[in-house]
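All remarks here apply to the structure that follows.
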Amino acid sequence: MATKIKAAGLVDWLAPHADSNAPEGQWGYIMGGKGQSPKTLSSWYFNQYQGKAAEYAKALYWREHAERVLDCNGAAEGYYELITGVDINTKARSNFAIWCAGNNGRSMAKLPKVKGAAVFVDSASAGYITHVGFLEKPVKDSAPNGDWWVLEARGVLYGLVRTKLSARPWNCWGLMTKYFNYEAYAAPVYKLGQRLLELNMTGDDVEELQTALISLGFSCGSWGADSDFGPATDAAMRAFQSAHKLVVDGQYGPKSHAALVVAVEAQEAHPALTYTYTLTTPDKALLDALKAAHGGTIISN
C-alpha cells in the first residue's frame, strides 16, 4: 500500500508561491514540470513552446526567474516525491480515475470543501480531463461552505496562481486518497455490498471483500487484506467470478456480492474437517507419501 501524506501539506507548499505578487516569488508553469528548478531542465522543456511566440517567451522567462516550475498535476506529484522520494508521475485524468477512485464525483454541489481537495476540468472538446487544481481555503473565513480559493498551475502564460472556485470551469472533483490524507474530512464508511468496488478503490469494504476472498482460497497477494483494491485483488475477484460462472470483469457488483455471500455462508455451515490418525510404522517413505497426498504434520516417536 502506498505511503499517504497530508493533503494540507501540498497546499502549504504551493500557497506562498501563487500569483505574481507571491511573498516568496511566483513559481512558473512548464509542461512536464513537477517542482524542479528550471535551470536543471533540458532545453526540450522550453522548446516545446517554440511554435507560439508569446508562450515561448514566457517559458524562457520562467527559466530565468522562477525558483521552481510545474504543470497542473505535477504540483501534487512533486510534493509527494519531495516528502516520500517516490515518483508517482501521471496525468490529471488518471489522478481523477485512480488517485481519487471511490472518492470523486461530477456534481460540484457534492464537492467536499476541505483543504487539498482536487477539482478538475473535464473538457468537452478534448473528451477527457485536462486540468486539476487544489482547494486552499474559503474566500470568506465566515463562510466555509461558500466560495473557495483554488491553487492551480494554470498554464505557461500564467504560472502558479490563486483563483476563485466560482470563476473557473471546474466540473468534477476528487479526494486523492490513494496518496493523500484529509484530516478535516470524515470519509464515508461503506459496508460490503453498499457500492460497486473495482480496481484502485480503497476502504473498509475492500478489506472485508479481501478477507472473504482469502477465506475462500482466492489469494489477494502478499499484502493480504490491506483495504487497497490492487491488481492482486482484481485477479482474485476475476478468479472468483470465473469459478461462479459470473461475468468476469473484476468489478464487485450486486451479482458478485450475492454469490460471495452464498459462498461464505456455505463455508461457515460446512467448515473443513480435520482428521487425526495415529500410525505405527517405521516406514518414513510411506509417511511422506501420506503427507504429500493428504497434508498434515508427521510426528515421529
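Exactly one residue out of Arg162, Arg195 is assigned to a strand (DSSP E or B) and basic (Lys, Arg), and it is Arg162. For segment 201-220, a tally of residues being surrounded by fewer than 19 Cβ atoms within 10 Å (Cβ to Cβ) and modelled with pLDDT under 90 returns 1.
Scanning segment 215-226 for residues that are farther than 14 Å from Gln241 by Cα and either in contact with a Cys (Cβ under 6 Å, 6 or more places away or on another chain) or aliphatic (A, V, I, L, M) (or both) returns a single hit, Ala225. Among the residues examined, Arg106 does not qualify as charged (D, E, K, R), farther than 30 Å from Asp141 by Cβ and surrounded by fewer than 23 Cβ atoms within 10 Å (Cβ to Cβ). Going by the conditions given, is Asp234 of a type in the set (D, E, K, R) and not assigned by TED's automatic domain parsing to the domain that holds Arg68? Judged against the criteria, Asp234 is a match. Considering (1) within 16 Å of Leu157 (Cα to Cα); (2) buried (at least 16 other Cβ atoms within 10 Å of the Cβ); (3) out of contact with any Leu (no Cβ under 9 Å at 6 or more places or on another chain), the lone condition that Ala53 does not fulfil carries the number (2).
Out of Ala59, Ala97, Ala66, one residue alone is buried (at least 17 other Cβ atoms within 10 Å of the Cβ), over 20 Å from Leu165 (Cβ atoms) and at pLDDT below 95. It is Ala97. I'd like the full set of residues that are over 18 Å from Asn21 (Cβ atoms), in contact (Cβ under 8 Å) with a residue 40 or more places away in the chain and touching a Lys or Arg at 6+ places or on another chain (Cβ under 8 Å), limited to segment 132-170. Once the filter is applied, which keeps residues that are over 18 Å from Asn21 (Cβ atoms), in contact (Cβ under 8 Å) with a residue 40 or more places away in the chain and touching a Lys or Arg at 6+ places or on another chain (Cβ under 8 Å), segment 132-170 yields Gly133, Leu135, Val156.
Checking each residue in segment 221-242 for being exposed (fewer than 14 other Cβ atoms within 10 Å of the Cβ) and without any contact (Cβ under 8 Å) to a residue 40 or more places away in the chain picks out Ser222, Gly224, Pro231, Ser242.
Residues in segment 244-258 that are outside any loop (DSSP other than H, G, I, E, B) and either surrounded by fewer than 14 Cβ atoms within 10 Å (Cβ to Cβ) or not assigned by TED's automatic domain parsing to the domain that holds Ser219 (or both): Pro254, Lys255, Ala258. Checking each residue of segment 176-190 against the condition of being among the basic types (Lys, Arg), within 19 Å of Asp228 (Cα to Cα), in contact (Cβ under 8 Å) with a residue 60 or more places away in the chain and not in a strand (DSSP E or B) gives at least one match.
The values are calculated or read from the model by the stated rules, or taken from the named source; none is laboratory data. These numbers were taken from a predicted model, which means no experiment stands behind them. So basically every Cβ, Gly included, is an ideal-geometry build from the backbone, and we count neighbours across all protein chains shown.
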